[in-house]
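Reading through the structure tokens given below for one structure.
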Amino acid sequence: MENILSSLNDEQRDAVLSIDGPLLILAGAGSGKTKTITTRLAYMIQNGIFPSSILTLTFTNKAASEMRQRAFSLLGNKLDHLPLLSTFHKFGLIFLKHYINKLGRNNSFVIIDTDDKKKIIKSFEIDLPISLVANEISKYKNNLIEPSEAISSAMMPNYKQIAFVYKKYEDYLENNNLVDFDDLLALPFKILENDATLADEISQRYRYIMVDEYQDTNDLQFKLLKKICTSHNNLCVVGDDDQSIYGWRGANINNILEFDKYFDNAKIVKLTKNYRSTSNILKAANDLIHFNRNRMEKKLDSTKKDGKNIEVISGIDEKEESYKVSTKIKELVSSGVNPNEIAILYRINALSRSIEEGLNKNSISYKMVGGVKFYERAEIKDIISYLRLIQNPNDDFSLKRVINRPKRGIGKSTVDKLYSFAYQNNSSTYNLIKNKSELLEKELPKKAYKSLIDFIQKLDNLIQMASENIYNLIDDLENSFKIKEYYSMLPDSLEKVANIDEFYGLFRDFVINNENSTLEEFLNDITLQSDQDQIDDKNISVMSIHASKGLEFEYLFVIGVEEGFFPLLGDGTDLEEERRLGYVAITRAKKELYISHVDSRFYKGRRTHLIKSRFISEAGLSGGALKLKSNSSYKKGDLVKHKIFGIGRVTNVGRVKKDFKLTINFGGTIKDIISTFVERV
């Protein structure tokens, strides 16, 4: 038993030895979280706790597999009975196989994936984007909203239509004994909610429960955990509130922040010794996250030396940024650094475009992690297809891609008929529509025919405009086909619209910088830029900060650290979550960290002057940027900033639970605002 504990530090040992009752292991970045939780599992089994009474829940199969392997190796791989280590959804599947009959359904159900889900929704022949409808149905299920409730509460026509589709979809699943991904959590909760005896039985079966990455749990997962803990409170959760970065997909940070409120007599153990990063890197991370008010206080201490100072790279624009970053990477590789130890991170995917081009020009091989290369993203390929059609309307390949995107009522059967007629008439599809309109009017559905004629007329107008002046072409294209409007309705709309804006800005910049340029030259130029030669096994990694969570690199570059990009600013932005993203980015670095910002880049499709991010100064790396004070107390006379009302002065201070209620004078307009919605300047 002592051998199992011998490699632990005091904090880790305390967490492992705390077996009974609710326990929160607040595990800072690089603090040995997985080692602690796997050692705790092995320690429990070695102390006589029956393995099958232990349930450990994770978010990925990879994490569950790694924990299982590490825990079993500590025990010598000799176990007659195995504990259950699984994802939340795998646990839900096992549960439903035993108890779905309580809903009057057969346990021979089939699980459908996201593509199956979209095909079912598409079969209902609706006008709304399929991805939007699928996403809203998922939200309904995760919030335990039944179809009847969704229908009665929907106010806007589109959402009323989605609610009725939800009802159709649920009926279809039940009639065909199908279960989707969201059902794997929602249905077990419904069963346990309606059967107290079963809830008690399941709770007695799993007397000890552990949950990894607890800060990423949503409301439904929390409710399901509470049901499994009906007869006991032996719940151990492991996580880090400072790394809660998935609020946009439903994660509720209050699950971890208020753990001791939800579970009486909870013990909190903080793991603060960091085994990953140098002291200089950790100091920047600690300084930055200190500005968040809604967090559990802790400070990471490095077990390594100070290391090299963090380098802030500044540039005129994204071209200079990509040149400086690429040049530095070439120097590192030339000095013997393995490219696998180097990574570039960004806040939004649109920023990958310029850095990819810089890497290509410098013949630096790279791999996109958890994402798609800029020119391969669906929304960018759509715009390129439109431009190719304007350049050559007889390009059937490009026409087929965008003929019904954005949706204009031209279904697959209509497209198949078009291409069949074109083949029979030895014609391109474009010429067929222009020259055989009488045939098509007779053979095609009325709505589809009208849409086709409208589509071709708009295309012809753009072809004419391109022959006169291509600078305004991108605006005319957007006004004609509303591509941004279409993608703004889909899931991940913020990223998709940002990518489109980046491309539009690139087009305008090309025209400005290349006098008498043609559309053909632009298309040829981006085709060459998007090809990556000399790919080999020694690639650096390029990814979003979200995709980097759980990874670590010796040498790390974070680009685009400007106000508006990082932090991302706009309606619905959570500045504290943005700051947590900054904390996650910094703590991915082990040895050297480079932070890059520029004076201008494309913002909403136009070249815009930018100021460096407040995060740079908050992390103690430079002065001069907007800096917000970290203390949470307020007094009369304080100057504060609100994202809508701007700068104002506090005239009165009150308290509302843990927060301050501030009366603020915004240039003569008086507002009462909770302190979490403003920041001291």
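A search for C-beta distances below 9 Å between a residue of the range 218-232 that is more than 15 Å from L198 (Cβ to Cβ) and any residue that is open to solvent by 50 Å² or more (accessible area, probe 1.4 Å) and among the hydroxyl-bearing types (S, T, Y), counting only pairs 6+ apart in sequence or on different chains, returns F222/Y262. Restricted to the range 369-450, the set of helices (runs of 4 or more DSSP H) holding at least 1 residues that are open to solvent by 30 Å² or more (accessible area, probe 1.4 Å) and among the small types (G, A, S) comprises 378-391, 412-424, 437-443.
Going through the range 582-608 one residue at a time, which ones are open to solvent by 50 Å² or more (accessible area, probe 1.4 Å) and modelled with pLDDT under 90?
Selection gives Y603, K604, R606, R607.
Residues of the range 245-254 that are crowded, with 20+ Cβ neighbours inside 10 Å and touching a Leu at 6+ places or on another chain (Cβ under 9 Å): I245 alone.
For the range 73-108, give me each residue that is assigned to a loop (DSSP other than H, G, I, E, B), surrounded by 12 or more Cβ atoms within 10 Å (Cβ to Cβ) and modelled with pLDDT under 90. Correct list: L75, L79, L82, P83. The residues on offer are S52, S31, S6, and the sole one that is closer than 30 Å to K590 by Cα, touching a residue at least 24 places away in the same chain (Cβ under 8 Å) and of a type in the set (S, T, Y) is S31. Taking the criterion of being crowded, with 23+ Cβ neighbours inside 10 Å and among the polar types (S, T, N, Q), the only residue of the range 14-34 that qualifies is S31.
When you scan the range 451-469, do you find a residue that is in contact with a Gly (Cβ under 9 Å, 6 or more places away or on another chain), surrounded by 15 or more Cβ atoms within 10 Å (Cβ to Cβ) and more than 21 Å from S600 (Cα to Cα), even just one? The answer is yes; a qualifying residue exists. Can L185 be described as assigned to a helix (DSSP H, G or I), in contact with a Phe, Trp or Tyr (Cβ under 8 Å, 6 or more places away or on another chain) and closer than 25 Å to A64 by Cα? Considered against the rule, which asks whether it is assigned to a helix (DSSP H, G or I), in contact with a Phe, Trp or Tyr (Cβ under 8 Å, 6 or more places away or on another chain) and closer than 25 Å to A64 by Cα, L185 comes out as yes.
Report the residue count in the range 132-167 for those that are assigned to a loop (DSSP other than H, G, I, E, B) and in contact (Cβ under 8 Å) with a residue 60 or more places away in the chain. Even if it seems obvious, please write down each step before you answer.
Of all residues in the range 132-167, those assigned to a loop (DSSP other than H, G, I, E, B) come to 143-146, 154-156.
With the extra rule that they be in contact (Cβ under 8 Å) with a residue 60 or more places away in the chain, the set shrinks to 143-144.
So the count comes out to 2.
Only one of these conditions is not met by I54: (1) touching a strand residue (DSSP E or B) at 6+ places or on another chain (Cβ under 6 Å); (2) among the hydrophobic types (A, V, I, L, M, F, W, C); (3) farther than 22 Å from N218 by Cβ; (4) open to solvent by 40 Å² or more (accessible area, probe 1.4 Å). Which number is it? Of everything listed in (1) touching a strand residue (DSSP E or B) at 6+ places or on another chain (Cβ under 6 Å); (2) among the hydrophobic types (A, V, I, L, M, F, W, C); (3) farther than 22 Å from N218 by Cβ; (4) open to solvent by 40 Å² or more (accessible area, probe 1.4 Å), I54 misses just condition (4). Annotation: S7 fulfils all but one of (1) outside any strand (DSSP E or B); (2) under 21 Å from Y206 (Cβ atoms); the unmet one is (2).
Considering only residues in the range 627-652 that are at negative phi and open to solvent by less than 50 Å² (accessible area, probe 1.4 Å), the one that is modelled with the lowest pLDDT turns out to be S630. Just one of the listed residues (S302, S277) is under 20 Å from G620 (Cα atoms), at pLDDT 95 or above and of a type outside the set (F, W, Y), and it is S277. Only residues that are open to solvent by less than 50 Å² (accessible area, probe 1.4 Å) and in a helix (DSSP H, G or I) were counted across the range 480-495, and they come to 7.
When L345, L359 are checked against the criterion of being at pLDDT 95 or above and of a type outside the set (V, I, T), L345 stands alone in meeting it.
Identify all residues within the range 246-260 that are part of a loop (DSSP other than H, G, I, E, B) and over 21 Å from A64 (Cα atoms); write none if there are none.
G250, N252, I253, E258
Scanning the range 313-332 for residues that are in contact (Cβ under 8 Å) with a residue 60 or more places away in the chain and not hydroxyl-bearing (S, T, Y) turns up I313, G315, I316, D317, E318, E320, E321, K324, V325, K328, I329, L332.
Quick check: is even one residue across the range 504-519 touching a residue at least 60 places away in the same chain (Cβ under 8 Å), within 30 Å of L128 (Cβ to Cβ), open to solvent by 30 Å² or more (accessible area, probe 1.4 Å) and touching a helix residue (DSSP H, G or I) at 6+ places or on another chain (Cβ under 6 Å)? Scanning the range 504-519, I find no residue that is touching a residue at least 60 places away in the same chain (Cβ under 8 Å), within 30 Å of L128 (Cβ to Cβ), open to solvent by 30 Å² or more (accessible area, probe 1.4 Å) and touching a helix residue (DSSP H, G or I) at 6+ places or on another chain (Cβ under 6 Å), so the answer is no.
Quick check on K442: is it under 26 Å from D127 (Cα atoms) and modelled with pLDDT of 85 or more? Taking the combined requirement at face value, the residue does not satisfy it. For the condition open to solvent by less than 10 Å² (accessible area, probe 1.4 Å), modelled with pLDDT of 75 or more, assigned to a loop (DSSP other than H, G, I, E, B) and within 25 Å of A585 (Cβ to Cβ), G560 qualifies. Whenever a residue of the range 382-411 is basic (K, R), its partners that are open to solvent by less than 10 Å² (accessible area, probe 1.4 Å) and not in a loop (DSSP other than H, G, I, E, B), lying with C-beta atoms within less than 8 angstrom and at least six residues away or across chains, give the pairs R388/S398; K400/T429; R401/D382; R401/S385; R405/D382; R408/F455. Among the criteria (1) of a type outside the set (F, W, Y); (2) outside any helix (DSSP H, G or I); (3) more than 15 Å from K381 (Cβ to Cβ); (4) modelled with pLDDT of 80 or more, the one I512 does not fulfil is (2).
Of all residues in the range 202-242, those being within 23 Å of A15 (Cβ to Cβ), open to solvent by 20 Å² or more (accessible area, probe 1.4 Å), within 21 Å of the chain's Cα centre (by Cα) and of a type outside the set (D, E) number 1. Among residues belonging to the range 465-484 that are within 28 Å of the chain's Cα centre (by Cα) and of a type outside the set (A, V, I, L, M), point out the one that is nearest to D454 (Cα to Cα). Only one residue tops the list, namely F481. Scanning the range 589-609 for residues that are outside any strand (DSSP E or B) and either β-branched (V, I, T) or farther than 14 Å from A350 by Cα (or both) yields a total of 1. If you go through the range 464-479 and pick out every residue that is under 17 Å from S517 (Cβ atoms), assigned to a helix (DSSP H, G or I) and either among the β-branched types (V, I, T) or free of Cβ contacts under 8 Å to residues at least 60 places away in the same chain (or both), you end up with 6.
The values are calculated or read from the model by the stated rules, or taken from the named source; none is laboratory data. Bear in mind that the values here come from a model prediction, so they are computed numbers and not experimental data. Because the Cβ atoms are built from the backbone with ideal geometry, glycine has one as well, and the counts that use them run over all protein chains shown. Keep in mind that these areas ignore ligands, DNA and RNA; they rest on the heavy atoms of the full protein, side chains included. Shrake-Rupley method; radii C 1.70, N 1.55, O 1.52, S 1.80 Å.
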